[in-house]
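The values are calculated or read from the model by the stated rules, or taken from the named source; none is laboratory data. From a predicted model like this one, the values you see are computed outputs, not experimental measurements. Neighbour counts run over all protein chains shown; Cβ positions are idealised from the backbone, glycine included.
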Ligand SMILES: NC(=O)C1=CN([C@@H]2O[C@H](COP(=O)(O)OP(=O)(O)OC[C@H]3O[C@@H](n4cnc5c(N)ncnc54)[C@H](OP(=O)(O)O)[C@@H]3O)[C@@H](O)[C@H]2O)[C@@H](O)CC1
Ligand SMILES: [K+]
């Protein structure tokens, strides 16, 4: 699914109006009908509703929804923000139509707000994609009033006060339980900093013209949904053998952090790699050999940490480096030599921190190296960012500048690559916030890269599977009990869900 900016959505609305063709007010009718149907399907017609409307088209949606819910038998009160000026044309048409339904309308002035009865559901149709400045004065007070009312809030298109394409940090924003939005995701919805406002997001189909997307291919961020994932997944044939699936080298582990190496190794194996060798310090050999029988080991000359490169590097087609390697000086000095091997590379954890201490190393990354930082590691590498939007733009810029793939881990992990607009992931859950999740991801991506996925596709598929397997594991866990090892355990379910319904 595509993720569009406010400007692109406006263009798409206009394209649909011109090319379907459909009158703007009829498109609004479709949007409102989709919301009313969603409420009906939810079984919420026995509730009373307080509908808060601005005077733009978001408010127009609100008026139309009020009419439709009233026609379905709900008790409705409409509250309109009165700024003196007239509403948009479609707002005015819907105000006329509402008058015919005898729905009570309250105009909100600055002399106090009409209380919302307990148990009413609030429909928030104050501002949508036309928001052009932070809320202040009476409008901000109204939003605080709504947020503090204790009533469930359903926001139409986007929680009022939330900017579609830039950060709303520190601003007054409606806190919705549900956001009913139209046709596609908006950029604001995939930013972790906005999670507290959007609640559950529902994307409702209002039949915008498909040709617009075709004509602007490549201009949008992508949400990596199931259809997209199936399009990049490489199915195995019955003639496949282990030589087809690569030989990965993982450089991982140090004294006290061997678990990271074990998890990365197991995840790499479970992601389908043909052969795996793990290069680790002497102290880790028994641990790896007894825990992970399928992995071969390459033994470093040091007892406690990695300080050398294995012999005969030519047999490995990819390298994953970082999980649990620690920050000993000799390990740090090894990293430039690893980069010089010019192998397809996945870099994570301490290896990222080593680069952050010596940023000149960024210039030496082999082409299409995959970096998998979480936001703190990212900030160490590329500087602090005031918010998620800026960090995302920096990731795009850094990916182009260093010809690498950046996997910026988070609620909706963002993947940036040169020449691509950017991909957001939509699988995963809060149960993954346990140390070791990242090691598992590194293992998976390294395994996929060894199987000749492109760097970007290895990242996209790896991140998707990582989250999906964690979601599968949730059937038998709570957020608290879910462990990174469970993600590995349920990787097969992740793969199966892609494979089973794959269309030939
Ligand atoms: N046919 C279509 O296109 C469809 C559109 N659809 C719907 O339209 C919505 C977009 O409508 P929109 O463009 O009219 O903008 P909207 O968000 O209602 O608000 C704009 C008004 O708010 C005002 N304003 C802005 N910021 C403010 C602030 N901080 N504080 C106070 N005022 C502020 C601004 O006024 P001004 O800047 O002049 O003061 C202007 O009057 C979209 O989200 C979707 O719900 C659907 O029906 C599908 C079909
Ligand atoms: K809204």
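One residue stands out among those in region 255-280 that are in contact with a strand residue (DSSP E or B) (Cβ under 8 Å, 6 or more places away or on another chain) and assigned to a loop (DSSP other than H, G, I, E, B): the one that is surrounded by the most Cβ atoms within 10 Å (Cβ to Cβ), which is 273. Only one entry in 104, 134 is free of Cβ contacts under 8 Å to residues at least 60 places away in the same chain and more than 15 Å from ligand 1 (Cβ to nearest atom), namely 104. Taken over region 166-195, residues that are in contact with a strand residue (DSSP E or B) (Cβ under 8 Å, 6 or more places away or on another chain) and free of Cβ contacts under 8 Å to residues at least 60 places away in the same chain amount to 7.
Would you confirm, using the coordinates I've provided, whether residue 285 is assigned by TED's automatic domain parsing to the domain that holds residue 330 and crowded, with 23+ Cβ neighbours inside 10 Å? For residue 285, the condition - assigned by TED's automatic domain parsing to the domain that holds residue 330 and crowded, with 23+ Cβ neighbours inside 10 Å - is not met. When the test is whether a residue is within 11 Å of ligand 1 (Cβ to nearest atom), surrounded by 24 or more Cβ atoms within 10 Å (Cβ to Cβ) and in contact (Cβ under 8 Å) with a residue 12 or more places away in the chain, residue 158 passes it.
Looking across region 234-254, the residues that are under 30 Å from the mean Cα position of the chain (by Cα) and surrounded by 18 or more Cβ atoms within 10 Å (Cβ to Cβ) come down to 245, 246, 248, 249, 250, 251, 252, 253. Just one of the listed residues (13, 48) is away from ligand 2 (no atom under 15 Å from the Cβ) and within 22 Å of residue 119 (Cα to Cα), namely 48. The residues on offer are 74, 35, 53, and the sole one that is more than 10 Å from ligand 1 (Cβ to nearest atom) and in contact with a strand residue (DSSP E or B) (Cβ under 7 Å, 6 or more places away or on another chain) is 74. The residues on offer are 476, 495, and the sole one that is surrounded by fewer than 21 Cβ atoms within 10 Å (Cβ to Cβ) and free of Cβ contacts under 8 Å to residues at least 12 places away in the same chain is 476.
Okay, residues lined up against (1) free of Cβ contacts under 8 Å to residues at least 40 places away in the same chain; (2) closer than 20 Å to residue 227 by Cα:
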{"site": "415", "(1), (2)": "no, yes"}
{"site": "418", "(1), (2)": "yes, no"}
{"site": "423", "(1), (2)": "no, yes"}
{"site": "429", "(1), (2)": "no, no"}
{"site": "439", "(1), (2)": "no, no"}
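Against the conditions (1) under 26 Å from residue 161 (Cβ atoms); (2) loosely packed, with under 15 Cβ neighbours inside 10 Å, residue 71 satisfies every one except (1). On the stretch given as region 121-133, residues that are in contact with a helix residue (DSSP H, G or I) (Cβ under 8 Å, 6 or more places away or on another chain) and under 18 Å from residue 164 (Cα atoms) total 7. Report whether or not residue 482 is assigned to a loop (DSSP other than H, G, I, E, B) and buried (at least 20 other Cβ atoms within 10 Å of the Cβ). Taking the combined requirement at face value, the residue satisfies it. For region 108-122, the condition of being within 12 Å of ligand 1 (Cβ to nearest atom) and touching a residue at least 60 places away in the same chain (Cβ under 8 Å) holds for none of the residues.
Residues considered: 468, 449, 461, 441. Of these, the only one that is at pLDDT 95 or above, assigned by TED's automatic domain parsing to the domain that holds residue 346, within 21 Å of residue 356 (Cα to Cα) and not in a loop (DSSP other than H, G, I, E, B) is 441. Here residue 22 meets each of (1) in contact (Cβ under 8 Å) with a residue 12 or more places away in the chain; (2) within 12 Å of ligand 1 (Cβ to nearest atom); (3) out of contact with any strand residue (DSSP E or B) (no Cβ under 7 Å at 6 or more places or on another chain) with one exception, condition (1).
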